[in-house]
């Protein structure tokens, strides 16, 4: 029996738990931007326990690109601090499975890949502060233009831990010059979602040579009066994981995030109303 | 050669690094309240690597009592993300060494106790938000009265991880009723230092039977018009560690904190200006 497909627009007013159920049951495998308004969405990193302590130390030392919002028990696919009945093997629309640092598979279910030594780490994502910018009347150009956010490698060293280290990846959003300070103040309120920008203005200061040639995502032009503003990006930990060439490592596919039950403006990312 | 003793008042205007040098060299072994104004002070938990992953998961799941501000590499006593040349074996005024859950020693140096499998975890402390309350004209009664803050066991379950779990410990501060909301707003800005209160008013709602009989610290009476306000407390992880009866575990002695070089109002607790 083939399940009936559900579209992104069908899910726009659907609660988080029902969206996860659609994903789990194979009805939806698309991106999650704009879904479950007000709920924290998460970047995903699943790795062997042997490397989990160093990876948590790495994230703790690099809190702007790698804000830890949830960590599972070893071998346990459930994430009760992030939501009710979240099973990380089935509840993310699309996963990438890497072996020895090379993409091995892109799948919609990792039940067959899950093993008793895996640890799930959920990390905050930029959707949280983008929603807050929009609520406060600050334009988000790539959303206006229907594009993906542009992402760039920088020359900013990460603080290493064990085999994890490298350079920070940032996103760039053009912000009207008069609203840059407000954008900074708003995003600073979301330390679980990359926090305040790490820089603004001249891209060369952080080792970006050409804003028209992002390393990932789409080039987004500045409107007249816009300033390029740079935030730490959740692609950073994914790159770091790949460079570490772990025997196995699983991430979400870009844009296909874990939708939690935690309010994105909650004081902590620990669900307290179960 | 016996070093000349240095008093608490001698150190009131001394920079953080110089205070740590006095401590390291045996000139000072007293409490750190009020020292190095504006710098983050830290609760300390040192434990074997075998339990470190579970302890970090425990802290991540209980961010209000256990806000992680720094984690050392296994066997490495230096904490470069928290300050310049911090050697955790010598730079805290007084330590408690526990073996199998029992206090074994209270010492001013743990060089002889340090081993290659130990991991240092630094946790935020309430000095940070108390300073912010005082700067905003909100009285802190136990400081006014020259007492220790009263601490109470509650009936609030912690989210467990591995062998770590139990009940939350809170501090109580009497706050004038008209300033309770402001105190909440101010302390919420410091997620690295217990954040907003977890409750206010009737102590019975969180399982405290008698405010006049704290489990640790001193009883502090409410002034007319004061409301008791409860914050998650850094004694929580200490209790949890003791209950876990690890082969070895080292904490600071109460009030004798690690003084970092991180500004207490910094966006993250990672030192970036080295």
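The values are calculated or read from the model by the stated rules, or taken from the named source; none is laboratory data. For clarity, every value in this text was computed on a predicted model and none was experimentally measured. Reconstructed Cβ throughout: ideal geometry from the backbone, glycine too, with neighbour counts over all protein chains shown.
Just to be sure, is residue B:121 within 14 Å of another protein chain (Cβ to nearest Cβ), under 20 Å from residue B:93 (Cα atoms) and within 16 Å of the chain's Cα centre (by Cα)?
Details: within 14 Å of another protein chain (Cβ to nearest Cβ): yes; under 20 Å from residue B:93 (Cα atoms): yes; within 16 Å of the chain's Cα centre (by Cα): yes.
So residue B:121 fits the description; yes.
I'd like to know if the range B:247-259 contains one or more residues that are on the phi > 0 side of the Ramachandran plot and either out of contact with any strand residue (DSSP E or B) (no Cβ under 9 Å at 6 or more places or on another chain) or surrounded by fewer than 22 Cβ atoms within 10 Å (Cβ to Cβ) (or both). Please lay out each step first, then the result.
First, the residues of the range B:247-259 that are on the phi > 0 side of the Ramachandran plot: B:255.
Going one step further and asking which of them are either out of contact with any strand residue (DSSP E or B) (no Cβ under 9 Å at 6 or more places or on another chain) or surrounded by fewer than 22 Cβ atoms within 10 Å (Cβ to Cβ) (or both), we end up with B:255.
Checked the range B:247-259: at least one residue is on the phi > 0 side of the Ramachandran plot and either out of contact with any strand residue (DSSP E or B) (no Cβ under 9 Å at 6 or more places or on another chain) or surrounded by fewer than 22 Cβ atoms within 10 Å (Cβ to Cβ) (or both).
Identify, please: which residue in the range A:234-251 is touching a helix residue (DSSP H, G or I) at 6+ places or on another chain (Cβ under 9 Å) and not in a loop (DSSP other than H, G, I, E, B) and is, among those, nearest to residue A:37 (Cα to Cα)?
Taking the candidates together, the pick is A:251.
Would you pick out the residues in the range B:13-48 that are in contact (Cβ under 8 Å) with a residue 12 or more places away in the chain, in a helix (DSSP H, G or I) and under 22 Å from residue B:121 (Cα atoms)?
Within the range B:13-48, the first condition is being in contact (Cβ under 8 Å) with a residue 12 or more places away in the chain, and the residues that meet it are B:14-17, B:19-20, B:22-48.
Among the residues that remain, those that are also in a helix (DSSP H, G or I) are: B:16-17, B:19-20, B:22-24.
Residues satisfying the conditions are B:16, B:17, B:19, B:20, B:23, B:24.
Looking at (1) buried (at least 19 other Cβ atoms within 10 Å of the Cβ); (2) modelled with pLDDT under 95; (3) not in a loop (DSSP other than H, G, I, E, B), which is the one condition that is false for residue B:149?
(3)
Looking at (1) in contact with a helix residue (DSSP H, G or I) (Cβ under 8 Å, 6 or more places away or on another chain); (2) touching a residue at least 24 places away in the same chain (Cβ under 8 Å); (3) under 24 Å from residue B:263 (Cα atoms); (4) surrounded by fewer than 23 Cβ atoms within 10 Å (Cβ to Cβ), can you tell me which one residue B:127 breaks?
Of the numbered conditions (1) in contact with a helix residue (DSSP H, G or I) (Cβ under 8 Å, 6 or more places away or on another chain); (2) touching a residue at least 24 places away in the same chain (Cβ under 8 Å); (3) under 24 Å from residue B:263 (Cα atoms); (4) surrounded by fewer than 23 Cβ atoms within 10 Å (Cβ to Cβ), the odd one out for residue B:127 is (4).
Could you grab me the full set of residues in the range A:94-124 that are in a loop (DSSP other than H, G, I, E, B) and in contact (Cβ under 8 Å) with a residue 12 or more places away in the chain?
Result: A:94, A:100, A:101, A:108, A:109, A:110, A:111, A:113, A:114, A:115, A:116, A:117.
In the range A:220-236, what residues are modelled with pLDDT of 95 or more and either within 12 Å of the chain's Cα centre (by Cα) or in the same structural domain as residue A:105 (by TED's automatic domain parsing) (or both)?
Answer for the range A:220-236, where residues must be modelled with pLDDT of 95 or more and either within 12 Å of the chain's Cα centre (by Cα) or in the same structural domain as residue A:105 (by TED's automatic domain parsing) (or both): A:232, A:233, A:236.
Just to be sure, is residue A:241 within 14 Å of another protein chain (Cβ to nearest Cβ) and under 16 Å from residue A:122 (Cβ atoms)?
Numbers: within 14 Å of another protein chain (Cβ to nearest Cβ): no; under 16 Å from residue A:122 (Cβ atoms): yes.
Here the answer is no, as residue A:241 does not meet what is asked.
Cβ-Cβ below 9 Å, separation at least six or inter-chain, first residue in the range A:62-84 and at the interface with chain B (Cβ under 10 Å from one of its Cβ atoms) and assigned to a loop (DSSP other than H, G, I, E, B), second surrounded by fewer than 17 Cβ atoms within 10 Å (Cβ to Cβ) and at pLDDT below 95: which pairs?
A:63/B:267; A:64/B:267; A:80/A:274
Do you know which residues across the range B:183-237 are free of Cβ contacts under 8 Å to residues at least 12 places away in the same chain, more than 12 Å from residue B:154 (Cβ to Cβ) and more than 12 Å from every other protein chain (Cβ to nearest Cβ)?
First, pick out the residues of the range B:183-237 that are free of Cβ contacts under 8 Å to residues at least 12 places away in the same chain: B:185, B:188, B:202, B:204-205, B:209-210, B:212-213, B:224.
Next, only the ones that are more than 12 Å from residue B:154 (Cβ to Cβ) stay: B:185, B:188, B:202, B:210, B:212-213, B:224.
Selection gives B:202, B:210, B:212, B:213, B:224.
With (1) assigned to a loop (DSSP other than H, G, I, E, B); (2) farther than 30 Å from residue B:85 by Cα; (3) free of Cβ contacts under 8 Å to residues at least 40 places away in the same chain as the list, and residue B:267 as the residue in question, which single condition is left unmet?
(2) is the only condition that residue B:267 fails.
Need the failing condition index for residue A:209 against (1) surrounded by 13 or more Cβ atoms within 10 Å (Cβ to Cβ); (2) farther than 16 Å from residue A:56 by Cα, just the number.
Against the list (1) surrounded by 13 or more Cβ atoms within 10 Å (Cβ to Cβ); (2) farther than 16 Å from residue A:56 by Cα, residue A:209 comes up short only on (1).
Evaluate the following for residue B:56: is it at pLDDT 95 or above, within 30 Å of residue B:166 (Cα to Cα), under 20 Å from the mean Cα position of the chain (by Cα) and not in a strand (DSSP E or B)?
On the way: at pLDDT 95 or above: yes; within 30 Å of residue B:166 (Cα to Cα): yes; under 20 Å from the mean Cα position of the chain (by Cα): yes; not in a strand (DSSP E or B): yes.
Answer is yes for this residue.
Quick one: residue A:160 ticks every box in (1) over 21 Å from the mean Cα position of the chain (by Cα); (2) surrounded by fewer than 17 Cβ atoms within 10 Å (Cβ to Cβ); (3) within 14 Å of chain B (Cβ to nearest Cβ) bar one, so which box is it?
Single failed check for residue A:160: (1).
Among the residues of the range A:133-142, are any within 21 Å of residue A:258 (Cα to Cα) and either surrounded by fewer than 19 Cβ atoms within 10 Å (Cβ to Cβ) or touching a strand residue (DSSP E or B) at 6+ places or on another chain (Cβ under 7 Å) (or both)?
Looking for residues that are within 21 Å of residue A:258 (Cα to Cα) and either surrounded by fewer than 19 Cβ atoms within 10 Å (Cβ to Cβ) or touching a strand residue (DSSP E or B) at 6+ places or on another chain (Cβ under 7 Å) (or both), one finds none in the range A:133-142, hence no.
So if I check each of B:15, B:93, which one is under 18 Å from the mean Cα position of the chain (by Cα) and under 20 Å from residue B:128 (Cα atoms)? Step through it out loud before you land on a result.
Working: B:15 fails: under 18 Å from the mean Cα position of the chain (by Cα).
Criteria check complete, one pass: B:93.
Checking the structure you have, find out if any residue of the range A:168-177 is more than 14 Å from chain B (Cβ to nearest Cβ), surrounded by fewer than 17 Cβ atoms within 10 Å (Cβ to Cβ) and touching a strand residue (DSSP E or B) at 6+ places or on another chain (Cβ under 8 Å).
Start the filter on the range A:168-177 by keeping residues that are more than 14 Å from chain B (Cβ to nearest Cβ), which leaves A:169-177.
Those still in the list that are surrounded by fewer than 17 Cβ atoms within 10 Å (Cβ to Cβ) too: A:177.
Those left that are additionally touching a strand residue (DSSP E or B) at 6+ places or on another chain (Cβ under 8 Å): A:177.
The answer is yes, given that some residue of the range A:168-177 is more than 14 Å from chain B (Cβ to nearest Cβ), surrounded by fewer than 17 Cβ atoms within 10 Å (Cβ to Cβ) and touching a strand residue (DSSP E or B) at 6+ places or on another chain (Cβ under 8 Å).
Let me spell it out: the conditions are (1) within 23 Å of residue A:165 (Cα to Cα); (2) outside the structural domain of residue A:18 (by TED's automatic domain parsing); (3) at pLDDT 95 or above, and residue A:248 meets all of them except one. Which number is the exception?
(2)
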